[in-house]
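The values are calculated or read from the model by the stated rules, or taken from the named source; none is laboratory data. All figures in this text were calculated on a predicted structure; none of them were measured in a lab. A quick note on method: Cβ atoms are made from the backbone with ideal geometry, for glycine too, and the neighbour counts reach across all protein chains shown. What goes into the accessible areas is simple: the full protein's heavy atoms, side chains included, and nothing from ligands, DNA or RNA. Shrake-Rupley method; radii C 1.70, N 1.55, O 1.52, S 1.80 Å.
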Amino acid sequence: MKYIQRSALAAMYRGPEHPIDESYAELKLLRAACAGDAEQACGLFREQKQFGGEPCAIDTPYRRYTGLSGVRAFVREWLERFHAGAAKVTPVMQTRANGRSVTELEVSFVSPEGVRQVPFFVVADLRAGGLLDEVRLYTHCSFIPGLQPYRAPLFPACHLEKGELGLLTGAVREYYAGLHHLPSADVDRIMRCMSEHCKFGGYEPLEPGREPVMDDRKLMRAKYEQMAQYIPRCVAMRYVTLIDDGRTCVIEWVHIVSNAGRDERGRIAMSGIAAYERGEDGLLCSVRISDYAGMEAAIDWSRLPITKEEAQRINHVEEFR
């Protein structure tokens, strides 16, 4: 089988330790999209969200779809967007808590040129009756043909500050305490909350001929030492949603960018997501992140509806305290 792109998500995490519930509405939505079944997809929504009068929505890295007409358009454009004639969903992991559910999955898009494997976080805001109010999809920009590496913050930040540690528990709280330690991330503290064979990754594109590195502690430490050069002095994460079932904590977040981040590194606030899975010992056994961090220099602003200057003003602070 010829692969145009390969994903490491299923290879790293799929197994009996991560049981799948086929009744999760966001999984049904992706299966309907791959089958081209707009009526089944629309049956998972109502025209308006249960509260507030806003239209239902599906937010993807390339477009936001609203209302039932938007759901139909999402299904109609799904395969075309990935240059595919058919697609298959492989669910890998699920998390449900706090009125939301998340299915992490791979979609294999099939075309005459080969197979494009794309890993997705699919986050659902749930409503009564097993229905959906809103769904948000996250994947690395390089998996989507023609996509610019910019995703504006999906949620406005009410406070331009780092996330509140009190919202987190256990190893996830300790991880963020180390990550947001000033003046730079405390790598030793981060590593101490990870198990000996903690896996990192699953959402990065695989280079041709390269197998995923699953639990190399030296490589993982090197990643965080590199992050410590700019976190949190230049950029920090502010949580906008938390879905924590006691085993896995999925966090949707937005960047907050300081003067140093903007001027020294060209950083711009974007939306991203991460999942932190705890093992039986309470330590992190996997860390999975999907964002476009550090790709700002590759953005062609002429192809976006926002200017670079406008984007730089979003979630900007002088410095972190």
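Worth a mention:
- Residue of 49, 223, 162 that the Gaussian network model of the chain assigns the largest fluctuation, springs spanning Cα pairs under 10 Å: 223
- Peptide packing: for 148-161, 64-77, the average count of neighbouring Cβ atoms within 10 Å per residue gives the ranking 64-77, 148-161, highest mean first.
- Computed over protein heavy atoms with a 1.4 Å probe, the carbon and sulfur contribution to the accessible area of segment 1-51 reaches 50%.
- Rounded, prolate or oblate (a/c below 1.5 giving rounded, otherwise prolate when a/b exceeds b/c) for segment 138-286 by Cα gyration tensor: rounded
- Treating each Cα of segment 139-213 as an identical point scatterer and summing with the Debye formula, the log10 of I(q)/I(0) at q = 0.28 Å⁻¹ comes to -1.17.
- Acute angle (nearest 10 degrees) that the helix 25-35 long axis makes with the longest principal axis of the chain, alpha-carbon atoms: 60
- Once Rg and the Kirkwood radius are both taken over the C-alpha atoms of the chain, their ratio Rg/Rh works out to 0.94.
- On Cα atoms only, tilt of 67-81 relative to the major axis of the chain in degrees: 80
- For the chain, relative contact order (Cα pairs under 8 Å, six or more residues apart, normalised by length) works out to 17 percent.
- Mean accessible surface per residue for the chain, computed with a 1.4 Å probe while every protein chain stays in place, in Å²: 44
- Measuring against 21 Å, Cα to Cα, the residue pairs 88/199; 2/88; 28/88; 88/223 contain 88/199; 88/223 as the ones spanning a longer distance.
- Between 0 and 90°, nearest 10: helix 217-227 axis offset from the chain longest Cα axis: 80
- Nearby aspartates and glutamates by direct alpha-carbon distance to residue 218 (threshold 12 angstrom, same-chain neighbours under 8 apart not counted): 196
- Antiparallel bridges, percent of DSSP beta bridges restricted to the chain (to nearest 5): 85
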